[in-house]
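Working notes for the structure below.
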Amino acid sequence: MDRLQAIRLFVRVVDLGSFSKAAADLGIGQPSATKQVAQMERELGARLLHRSTHGVTPTEPGALYYEKCKLVVHHADEAASVASLLQAQ
């Protein structure tokens, strides 16, 4: 999974409050989603999510990272839309 896909996954996990819901939404397995976020946490050296039986919520660093990641996803989607629109013209 590339970095943008991992960021998109992290955003969906926070948005939905669940690894399984985010994984289903993105068409991947829940174990894979969990491993990808754990890998992201290792690379960043920060715990991004509180995990409990009631779901997941962002930690303080996770909430800050989430806000930045939402912008990354938004800009990437916007760039793809612009490229597609220009190609269609």
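The values are calculated or read from the model by the stated rules, or taken from the named source; none is laboratory data. This one's a predicted model, so the numbers in the text were calculated from it and none came from an experiment. Heads up, the Cβs are rebuilt from the backbone with ideal geometry, glycines too, and the neighbour counts pull from every protein chain shown. The area values use the complete protein model at the heavy-atom level, side chains included, leaving out ligands, DNA and RNA. Shrake-Rupley method; radii C 1.70, N 1.55, O 1.52, S 1.80 Å.
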Can you pull out every residue in segment 1-31 that is assigned to a helix (DSSP H, G or I), of a type in the set (Gly, Ala, Ser) and in contact (Cβ under 8 Å) with a residue 24 or more places away in the chain? 6
Has segment 37-57 got any residue that is at pLDDT 95 or above, buried (at least 19 other Cβ atoms within 10 Å of the Cβ) and of a type in the set (Lys, Arg)? no
Let me confirm something: among 82, 37, which residue is part of a helix (DSSP H, G or I) and under 11 Å from the mean Cα position of the chain (by Cα)? 37
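Output the residues belonging to segment 58-87 that are aliphatic (A, V, I, L, M), over 18 Å from residue 8 (Cα atoms) and open to solvent by 90 Å² or more (accessible area, probe 1.4 Å).
Within segment 58-87, the first condition is being aliphatic (A, V, I, L, M), and the residues that meet it are 63-64, 71-73, 76, 79-80, 82-83, 85-86.
Narrowing the set further to residues that are over 18 Å from residue 8 (Cα atoms) leaves 82-83, 85-86.
Once the filter is applied, which keeps residues that are aliphatic (A, V, I, L, M), over 18 Å from residue 8 (Cα atoms) and open to solvent by 90 Å² or more (accessible area, probe 1.4 Å), segment 58-87 yields 85, 86.
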